[in-house]
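The values are calculated or read from the model by the stated rules, or taken from the named source; none is laboratory data. For clarity, every value in this text was computed on a predicted model and none was experimentally measured. Every residue, glycine as well, gets a Cβ built from its backbone with ideal geometry; the counts of neighbours run over all protein chains shown. With ligands, DNA and RNA removed, areas are computed over all heavy atoms of the protein, side chains included. Shrake-Rupley method; radii C 1.70, N 1.55, O 1.52, S 1.80 Å.
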Amino acid sequence: MKKSRQQVGRKGEDEACLYLVNNGHSIIKRNWRYSHLEVDIITIDRYGLHFVEVKSRTAPCLVAPQMNVNYTKKRNLSKAAAAFLNSPLRRELPSDLEIFLDIVTVIFDKNQTRIEYYPKAYYPIFEKSFY
């Protein structure tokens with residue numbers, strides 16, 4: 001039975017969380033929303049605060065999953081990160097954290113799961129509306 005996009009996405013986020021936790025991250029929030037914007041996973045580790053976009057696919061993939069994080073997705077993740085940084089949740093965290101925008105890709109290929117982590121995948125896109 002073929003899984004729906006939502007099922008693949010949810011399972012991919014679960015796998016990404018396990019991967020990140022096993023690599024020193026603590027999960028702060030999953031699927032954090034602000035207005036129409038969403039961050040898949042927000043973590044903290046010894047290096048800083050990470051806003052993580054997860055891209056999950058079932059093999060075979062015509063395009064590498066990280067290539068689907070386009071300009072619009074990057075802009076929206078940057079806006080969501082800025083909203084989080086201005087929220088009451090941010091005040092509960094240390095004030096001197098570095099901020100990172102990361103990508104985790106998860107590919108399900110029969111009985112094998114391939115995970116790739118791209119820390120510091122890109123730099124925030126700031127627009128006049130941020131100021």
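When the chymotrypsin sites (Phe, Trp or Tyr not before Pro) in the range 23-113 are filtered for DSSP coil states and for at most 15 other beta-carbon atoms within 10 Å of their beta-carbon, the remaining sites are TYR47.
For the pair ASP109 and LEU85, label points projected 7 Å from Cα toward Cβ lie 3.7 nm apart.
Once C-alpha pairs closer than 8 Å and six or more residues apart are averaged by separation and normalised to the residue number of the range 33-94, the relative contact order reads 35 percent.
If I take R0 = 25 Å and measure r between the Cβ atoms of LEU93 and TYR71 in this structure, what FRET efficiency does the formula 1/(1 + (r/R0)^6) give, to the nearest 0.05? Working from the Cβ atoms, E equals 0.30.
Restricted to Cα atoms, the range 36-108 shows a radius of gyration and a Dmax of 13.7, 43 angstrom. Evaluating kT/(6 pi eta Rh) at 10 °C and 1.306 mPa s, with the Kirkwood radius of the range 1-57 over Cα pairs in the Stokes-Einstein relation, gives 132 µm² s⁻¹.
Pairs of Cα atoms nearer than 8 Å and 6+ residues apart set the relative contact order; for the chain it is 24 percent. Each distinct pair of alpha carbons in the chain adds a 1/r term; the inverse of their mean, the Kirkwood radius, is 15.3 Å. The listed residues ASP109, ASP102, once ranked by accessible area (1.4 Å probe) with the largest placed first, stand as ASP109, ASP102. Largest accessible area first, the listed residues ARG33, ARG114, ARG75 line up as ARG33, ARG114, ARG75 when surface is computed with a 1.4 Å probe on the assembled protein chains.
Around the Cα centre of the chain, unit charges on the Cβ atoms of Lys, Arg, Asp and Glu (plus for the first two, minus for the last two) sum to a dipole of about 500 debye.
How many percent of DSSP beta bridges within the chain run antiparallel, rounded to 5? Percent antiparallel among DSSP bridges in the chain is about 65.
With a simple spin-label model that places each label point 7 Å from the Cα along the Cα-to-Cβ direction, the separation between ARG10 and TYR47 comes to 3.1 nm.
Each residue of the range 100-105 is assigned a 3J(HN,Hα), and the resulting list reads 10, 10, 10, 10, 10, 10 Hz, derived from the Karplus form 6.51 cos²θ - 1.76 cosθ + 1.60 (θ = phi - 60°), x at Gly and Pro.
Within the shell defined by Cβ-Cβ distances under 11 Å, the residues around GLU98 carry a net charge of 0, with Lys and Arg each +1 and Asp and Glu each -1. GNM remark for the chain: springs join alpha carbons under 10 Å apart, and the peak mean-square fluctuation among ILE103, ILE44, ILE28 falls on ILE28.
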